[in-house]
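See structure below.
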Amino acid sequence: MHNDIERIFFEKEDIAAKVHELGKLIELDYKDKDAVAICILKGACVFFADLMRAVHLPIAFDFMAISSYGNSRKSSGVVQIIKDLDNNIEGKHVLIVEDIMDSGQTLAYLKELLQSRNPLSLRVCCLLDKPSRRVAPIEPDYCGFTIPDEFVVGYGLDFAERYRNLPYVGVLKPDVYA
């Protein structure tokens, strides 16, 4: 365990099992559909790669980079699109893949933006959900784990661009981000 981690929430084996389970659910729901999976960079990249390998369908990939946190541990509520999609999603079944759903503000904004581009359907898959912090009326369609309001890093999740490469999800010691 890394010195800045207070405790581990989910070991890599637990994450792998959950990713496999989510992949099978997505496979059932998207069978015979013209689908696009959108990875929300940077946090979801590790989860996205593992999840897409668990979905045995011809599914297109695209990527968006959005920010509402900067180097803070709380969302500013202002969403910036840093990198938009490369391809048109009109008439496609779209799956947004996100690392964590917290307040829901960023994903609510993103869903509204993408819905304006006329996909046939639009769903959200997140690895982690913190419903206790939700302020926007949005829920994930697929969710790996529900967690309490603690600051987590690892498996793609970061604090100030660090800790993404940890193979587990752990709670960051408060003195690190205080």
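The values are calculated or read from the model by the stated rules, or taken from the named source; none is laboratory data. The structure presented is a predicted model; accordingly, all values stated were derived computationally and were not measured. Neighbour counts are summed over all protein chains in view; Cβ atoms, including those assigned to glycine, are modelled from backbone coordinates with ideal geometry. What goes into the accessible areas is simple: the full protein's heavy atoms, side chains included, and nothing from ligands, DNA or RNA. Shrake-Rupley method; radii C 1.70, N 1.55, O 1.52, S 1.80 Å.
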Using alpha-carbon positions, the gyration tensor of region 1-104 gives root eigenvalues a ≥ b ≥ c; with a/c under 1.5 called rounded, otherwise prolate if a/b exceeds b/c, else oblate, the class is oblate
Per residue, accessible area of region 5-60 with a 1.4 Å probe, heavy atoms of protein chains only, in Å², comes to 51 Å²
Whole-Hz Karplus couplings 3J(HN,Hα) for region 141-154, θ = phi - 60° and coefficients 6.51, -1.76, 1.60, Gly and Pro as x, run 7, 9, 9, x, 9, 9, 10, x, 7, 10, 7, 10, 9, x
For the chain, the longest principal axis of the Cα atoms and the Cα long axis of helix 105-115 enclose an angle in degrees, to the nearest 10, of 10 degrees
Sorted by chain and then number, the residues having a modelled amide H within less than 5 Å of the amide H of residue 101, at least 5 places away or on another chain, are 128, 129, 130
Treating every alpha carbon of the chain as one equal point scatterer without solvent, the Debye formula yields log10 I(q)/I(0) values at q = 0.10, 0.12, 0.13 Å⁻¹ of -0.36, -0.53, -0.62
CD proxy, 222 nm, the chain: helix-only mean residue ellipticity via -39,500 (n - 2.57) per DSSP H run with n ≥ 4, per residue, nearest 500, stands at -7500 deg cm²/dmol
So the carbon and sulfur contribution to the accessible area of the chain, 1.4 Å probe, in percent, is 50 percent
For the pair residue 177 and residue 141, the simple spin-label estimate (label points 7 Å beyond Cα toward Cβ) gives in nm 2.8 nm
